[in-house]
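Here's the structure, in structure tokens; my notes come after.
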Amino acid sequence: MAPAWPVEMQAFDRRLDEIVTLFATLGRLPHVRTLSIDGGPADLGSRLIQSGFRQVGADLSMVLEDAGPCLALARTLEGRPGLRLERVGQEPELRAIEVARLLVQAFGVESDRVPALAAETIAAGRRPGGSVLLLMEAGVPASAARRITLDGSTYLSSIGTVPSLQGRGHGSLITAVAVAEALRDGTRFVHLLVEADNRTAIQLYERLGFIALGDPIVDLLLR
């Protein structure tokens, strides 16, 4: 969600209480990036830190400027022996667990998050405009990506490759396929977030036609 954060402190505190309560009912940790829907308040990050959040990273927003590289790369999928693309809609529970385990390895997060990530994956695949892609290599889950396309805009997320299969172009390929499918569905704007200090990933997305937009966005977690 993209909440509109009030500037006035009392109203801000009420909104924050609502968000923390919502996450608690979902059994999730509150996780906020400081990109508010209306551009304010300017000190959102410091307000959240004072409320008990801690910074876990900073993300760079990137938007697709040239779709050509993605479309060209996506067309090569059928000619790659041993690679197969699947979607969580096919055998959702089984594939969701595989996606969750893949993401845990790719991003080095706690293994006890697999059930929650699997539930997220199923929900993401069932949302209107949602899609979860899983790239298999020789029957083994290699790379995953999510997208949500609504009102002509697409957000890509959870793009990851298992460490043992990194360096083979799987991340680029599944990103390109996700972009190609979004364009097929009528999107006019594709964007994603990448860790601001992950030069390798930034360069990968630049080769696919993305450009960086604005300053890094602070990534905050309440524990």
TODO: Residue by residue through the stretch 1-25, note down the ones that are surrounded by 12 or more Cβ atoms within 10 Å (Cβ to Cβ) and not charged (D, E, K, R).
DONE: PRO3, TRP5, PRO6, VAL7, PHE12, LEU16, ILE19, VAL20, LEU22, PHE23
- [ ] Could you tell me whether ALA58 is of a type in the set (A, V, I, L, M) and more than 30 Å from ARG14 (Cβ to Cβ)?
- [x] no
Task: Given (1) farther than 23 Å from ALA72 by Cβ; (2) open to solvent by less than 30 Å² (accessible area, probe 1.4 Å), number of the condition ILE174 does not satisfy - done: (1)
Task: Matching entry among LEU35, LEU77 (being surrounded by 12 or more Cβ atoms within 10 Å (Cβ to Cβ), within 23 Å of SER157 (Cα to Cα) and more than 18 Å from the chain's Cα centre (by Cα)) - done: LEU77
- [ ] Give just the number: which of (1) crowded, with 21+ Cβ neighbours inside 10 Å; (2) at positive phi; (3) not acidic (Asp, Glu) does THR121 not satisfy?
- [x] (2)
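Among the listed residues ALA100, ALA106, identify the single one that is closer than 20 Å to LEU156 by Cα, within 18 Å of the chain's Cα centre (by Cα) and open to solvent by less than 20 Å² (accessible area, probe 1.4 Å). So that I can check it myself, show each step before the final result.
Working: ALA106 fails: open to solvent by less than 20 Å² (accessible area, probe 1.4 Å).
The match here is ALA100.
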Open item on the list: Restricting to the stretch 107-138, name every residue that is in contact with a helix residue (DSSP H, G or I) (Cβ under 7 Å, 6 or more places away or on another chain) and within 21 Å of VAL194 (Cβ to Cβ).
Closed with: ARG113, LEU117, THR121, GLY130, SER131, VAL132, LEU133, LEU134, LEU135
TODO: Considering (1) buried (at least 16 other Cβ atoms within 10 Å of the Cβ); (2) in contact with an Asp or Glu (Cβ under 9 Å, 6 or more places away or on another chain), say which one ARG168 fails and leave the rest.
DONE: (1)
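Just for strands (runs of 3 or more DSSP E) wholly inside the stretch 120-214: which have at least 1 residues that are under 14 Å from GLU65 (Cα atoms) and at pLDDT 95 or above?
Passing ranges, in order: 153-161, 189-195.
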Task: Residue within the stretch 72-88 that is out of contact with any Asp or Glu (no Cβ under 6 Å at 6 or more places or on another chain), on the phi < 0 side of the Ramachandran plot and modelled with pLDDT under 90 present - done: yes
Open item on the list: Quick check on my filter: what residues within the stretch 131-165 are open to solvent by less than 20 Å² (accessible area, probe 1.4 Å) and free of Cβ contacts under 8 Å to residues at least 24 places away in the same chain?
Closed with: none
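Of the residues ALA212, ALA180, ALA196, which single one is closer than 21 Å to ARG75 by Cβ, open to solvent by 20 Å² or more (accessible area, probe 1.4 Å) and of a type in the set (A, V, I, L, M, F, W, C)?
Values: ALA212 fails: closer than 21 Å to ARG75 by Cβ; ALA196 fails: closer than 21 Å to ARG75 by Cβ.
Exactly one residue qualifies, and that residue is ALA180.
The values are calculated or read from the model by the stated rules, or taken from the named source; none is laboratory data. If you're wondering where the values come from, they're calculated on a predicted model, not measured in any experiment. Cβ: placed from backbone, ideal geometry, glycine included. Neighbour counts: every protein chain shown. Heads up: the accessible areas ignore ligands, DNA and RNA and are worked out on the full protein's heavy atoms, side chains in. Shrake-Rupley method; radii C 1.70, N 1.55, O 1.52, S 1.80 Å.
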